[in-house]
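Asker: This is the structure I have questions about; it appears just below.
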Amino acid sequence: MGIEFIAKICFWAGAAALVYTYAGYPLVVAAVSRWRPRPVKSRAGWTPGVSVIITAYNEERDLAAKLENTLALDYPPDKLEVIVASDCSTDRTDDIARAFASRGVRLHRQPERFGKTAAQNAAIEGARGEIILFSDATTLYQPDVLRVLMPNFADAGVGCAAGRLIYVDPAASSVGQGARSYWGYETFLKKHESRAGSLIGVSGCLYAVRRAAYVPLYNEACSDFIIATKMVEQGLRTIYEPAAVCTEETNSRTDRELRMRVRVITQTFTDLWRHRAMMNPLRSGFYAVQLLSHKALRYAVPIFLLVIFIASLVLAPRSPFYALVALLQVGFYLAALVSWALERRGVRVRLLAIPQYFVIANLASLLALYQFLRGERYARWEPIREPAAEPGLTMKVSEARGNERLSAQLERPSAVPTAATAAPAVSIIVPSYNVARYIAGALDSVFAQAFTDYEIIVVNDGSPDTDELERVLVPYRERIIYLRQENRGLSGARNTGIRSARGRFIALLDPDDLWEPDYLAVQVAHMERDPTIDVLYANALIFGDGPDAGRKVMDLTPSEGEVTFESLVSQRCTVLVSVLARRAAILRAGLFDESLRSVEDFDLWLRITKQGGRIAYHRQVLWRYRRHPGGLSADPVWMFEHGLKVLDKAERTLTLTPEEQRALTQQTERFRASLKLYTGKQAFVKGDVETAIENLTEANIYFATRKLKLALWLLRLAPRLLRRAYQWRDRYIF
């Protein structure tokens with residue numbers, strides 16, 4: 001048996017193991033979940049008592065926002081308990097938790113640092129809830145998270161339920177992009193593992209356990225992983241609920257991500273060894289296959305890679321195929337190295353993000369295996385997070401995109417006083433996507449404000465006009481904070497800005513709009529006088545394209561009476577997006593919904609009012625609203641489609657009074673009819689007469705106006721005549 005034969009055996013054995021781990025197992029678990037699904041017997045509206053345990057060590061930066069977000073969850077207050085489990089924190093974490101005592105938050109402080117798992121174990125002893133929900137201080141929940149997660153526990157076979165974590169990457173880093181891609185792959189596995197029987201692990205930021213089934217864990221345990229095995233040992237399942245959503249920021253630096261993964265994987269090796277009997281299919285059935293495939297083999301991948309690489313080098317002189325494979329491996333690892341080197345210079349290349357993260361993950365597995373074999377264990381943990389932006393400093397541009405000089409100029413530190421400066425009163429959030437030609441005007445209108453206690457955060461949402469935008473922003477580099485991220489839509493851009501904000505108030509300014517010089521002075525004074533107001537909006541003057549230029553917005557869409565859920569839905573009150581809001585109110589509501597690509601503000605206002613927040617209207621014209629062909633509001637079909645999504649979401653996730661439900665039903669019918677009207681109109685413009693007639697006929701059932709009836713009659717009998725009339729003046733036709 002020669003060395004060539006042994007090398008081939010090693011090469012193909014390693015390749016087979018690698019392919020099975022990353023592709024074979026996902027296919028197997030997907031097939032099992034399809035052929036032998038195990039649905040959850042949930043019960044809608046089931047609301048057991050819940051104790052939320054937030055484990056924290058030195059989380060003064062994030063804890064207040066986390067508590068506001070948790071206390072605002074849409075769940076019966078008498079069935080919700082919030083406990084902060086402080087692992088002997090040395091900063092202001094405990095003081096912040098105590099400040100919420102009047103709102104029902106309890107603090108459990110560990111006398112010594114025993115680690116996250118020990119803090120959880122101790123906090124549970126005093127918890128009163130039937131269900132225990134574990135969370136991290138850095139994680140924010142959508143308001144409906146308990147409403148959609150808890151009904152799963154109506155199934156007596158469910159011991160643990162995990163929600164869906166969405167990673168956000170404000171820094172648009174290579175590591176963050178790689179982490180999001182990796183997490184998308186993991187989410188696919190979670191969905192099918194849950195349907196096939198049980199998850200083998202959960203995301204530590206959002207999972208709930210039946211208290212009667214909770215078993216105190218040893219301090220070195222990775223509770224996120226081992227909790228599922230503890231459920232299986234009791235004959236219970238751990239299921240995945242994708243509708244229960246939370247968000248968390250990714251690490252943006254290789255060293256932080258590597259350190260975190262080494263710690264977690266070392267703990268997982270310890271857990272696998274302690275529970276190695278569970279990897280016996282005769283004892284655990286398909287769950288043993290899951291443990292072996294998803295964990296044991298996954299963490300053995302670096303060994304497979306080393307075997308493949310060494311074998312291909314041995315065989316390369318003897319075969320062009322193995323030489324090519326060796327060359328491809330070298331190229332892959334060099335790509336990861338280049339990505340890491342560019343990251344250190346603040347440059348991100350999207351194509352290199354996945355190779356870099358793949359190497360990080362497998363290097364972490366190799367280092368963790370070494371530590372485990374040496375007997376090293378983790379119990380304590382240190383929060384691994386991005387440092388907060390220094391006050392008054394411009395943020396580092398994460399991607400050069402071929403214009404390093406401009407990026408470098410934007411990275412220059414501000415002349416504004418920095419670290420010792422108190423937080424500003426107002427944080428102004430300016431999202432930017434293909435509006436570089438307008439943004440200078442918007443910024444100039446801010447710098448002309450009589451009120452000057454503010455910071456400006458410009459968020460580049462992966463805009464195609466980034467080069468032009470950065471050229472425009474260079475003169476403002478000393479007076480703004482500039483953030484850059486991959487495209488996540490308007491909601492994602494605003495959320496990134498809000499998360500980075502330091503002000504008590506958040507002011508939303510679209511880059512194509514303008515503020516009058518007294519905008520901030522009037523709005524801030526009004527909200528300071530009346531602390532019951534959470535959101536304040538003012539009238540605006542329309543300018544730009546279109547026949548309405550020069551008119552006031554509220555002449556077209558008036559706001560009458562108190563702003564409530566019902567008045568918002570029925571459109572008696574129209575809240576304009578350029579608002580001044582208390583940051584705490586937005587955090588309580590769970591920020592903007594990033595699944596919505598339009599009318600996301602409408603959704604947020606509905607949630608704020610349902611949480612008891614107060615929205616007020618100031619009649620003075622304080623800003624100017626630009627209308628132009630490129631604006632989203634120029635496409636009514638797009639607007640009504642997303643408006644229907646918001647109404648549908650409200651009906652599914654919010655508890656409504658009969659009056660609110662009636663208003664929502666009526667407005668849903670109106671929106672559907674309006675969607676048919678504008679879809680028909682667009683079809684007519686494109687020459688699709690049949691589609692136009694079909695949609696306009698349905699719209700006419702609701703509106704039944706003389707103009708619409710006449711248009712339908714002409715459309716059927718004389719479409720050419722109607723087209724000429726439409727070209728003359730469309731407002732007289734539909």
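Laboratory data are not the source of any read-out in this text; all were calculated from the coordinates shown. Please read these numbers as outputs of a predicted model, since none were measured by experiment. With ideal geometry, Cβ positions are generated from the backbone for all residues, glycine too; neighbour counts draw on all protein chains shown.
Asker: Evaluate the charge dipole of segment 500-635 about its Cα centre and quote only its size in Debye, nearest 20, assuming +1 on the Cβ of each Lys and Arg and -1 on the Cβ of each Asp and Glu.
Answerer: That gives segment 500-635 a dipole magnitude of about 400 debye.
Asker: Could you give the angle, 0 to 90 degrees to the nearest 10, between helix 350-373's Cα long axis and the longest principal axis of the Cα atoms of the chain?
Answerer: On a 0 to 90 degree scale, this one is about 40.
Asker: Okay, moving on. Over the chain, what is the percentage of antiparallel beta bridges among all DSSP beta bridges, to the nearest 5?
Answerer: If I count the DSSP bridges inside the chain, around 25 percent turn out antiparallel.
Asker: Filter the cross-link list K116/K649; K230/K610; K686/K707; K79/K295 down to pairs whose alpha-carbon distance in this structure exceeds 30 Å.
Answerer: K116/K649; K230/K610; K79/K295
Asker: Another question, then. Helix-only mean residue ellipticity at 222 nm, the chain, DSSP H runs n ≥ 4 weighted -39,500 (n - 2.57), per residue, nearest 500. What is it?
Answerer: Using -39500 (n - 2.57) per qualifying helix, the result is -15000 deg cm²/dmol.
Asker: Right, something else. For the chain, give the magnitude of the charge dipole about the Cα centre (Cβ charges: +1 Lys/Arg, -1 Asp/Glu; no others), in debye to the nearest 20.
Answerer: My answer is approximately 1660 debye.
Asker: Starting from the Cα of L313, step 7 Å along the direction of its Cβ; do the same at D467; then give the gap between the two resulting points in nm.
Answerer: 4.2 nm
Asker: How big is the C-alpha Rg of the chain next to the rule-of-thumb value 2.2 N^0.38 Å, as a ratio?
Answerer: Rounded to two decimals, the normalised Rg is 1.05.
Asker: To continue, here is another question. Could you give the length gained by full extension between L373 and A341, i.e. 0.36 nm per residue of separation minus their alpha carbon distance, to one decimal place?
Answerer: 8.4 nm is the gain from fully extending L373 to A341.
Asker: Let me ask something additional. For segment 404-629, taking Cα atoms only, what is the radius of gyration to one decimal and the Dmax to the nearest whole Å?
Answerer: Values for segment 404-629 (Cα only, Rg and Dmax): 17.0, 53 Å.
Asker: Answer with one residue from S598, V349, F684: the one whose Cα lies farthest towards the positive end of the charge dipole of the chain, charges on Cβ with Lys, Arg +1 and Asp, Glu -1.
Answerer: F684
Asker: Continuing with this model, one more query. Taking R0 as 51 Å, what's the FRET efficiency between Q234 and Q571 from their Cβ-Cβ distance, rounded to 0.05?
Answerer: After rounding, the FRET efficiency stands at 0.45.
Asker: Antiparallel as a % of all DSSP beta bridges within segment 404-629, to the nearest 5?
Answerer: Percentage antiparallel, nearest 5: 30.
Asker: Kindly state, to the nearest 0.05, the FRET efficiency for T655 paired with D688, given R0 = 41 Å and r defined as their beta-carbon distance.
Answerer: Here the calculated transfer efficiency is 0.45.
Asker: Would you mind ranking H642, H618 so that the residue whose beta carbon has the fewest other beta carbons within 10 Å leads the list?
Answerer: H618, H642
Asker: DSSP loop (so not H, G, I, E, B), at most 13 other Cβ within 10 Å: list which GluC sites (Glu not before Pro) in segment 524-582 pass both filters.
Answerer: Within segment 524-582, the qualifying GluC sites (Glu not before Pro) (loop, at most 13 other Cβ atoms within 10 Å) are E560.
Asker: What's the FRET efficiency of E60 with W713 using the Cβ-Cβ distance as r and R₀ = 60 Å, to the nearest 0.05?
Answerer: The computed FRET efficiency comes out at 0.30.
Asker: Projecting each Cα onto the charge dipole of the chain (Lys/Arg +1, Asp/Glu -1 at the beta carbon, about the Cα centre), which of I166, G497, Q234 comes out farthest on the positive side?
Answerer: So the residue we want is Q234.
Asker: Of all beta bridges DSSP finds with both residues in segment 139-275, what is the antiparallel percent, to the nearest 5?
Answerer: 35 percent
Asker: Please report, in debye to the nearest 20, how large the charge dipole of segment 233-350 is about its Cα centre when each Lys and Arg carries +1 at its beta carbon and each Asp and Glu carries -1 there.
Answerer: The dipole magnitude comes to about 240 debye.
Asker: Now for a different question. What distance in nm separates the simple spin-label points at D545 and V637, each placed 7 Å from Cα in the Cβ direction?
Answerer: About 1.7 nm separates the two model spin labels.
Asker: Consider a paramagnetic label point 7 Å from the Cα of Q666 along Cα→Cβ; state which residues of segment 544-581 have an amide N under 16 Å from it.
Answerer: Hits in segment 544-581 for Q666 at 16 Å: 560-562, 564-574.
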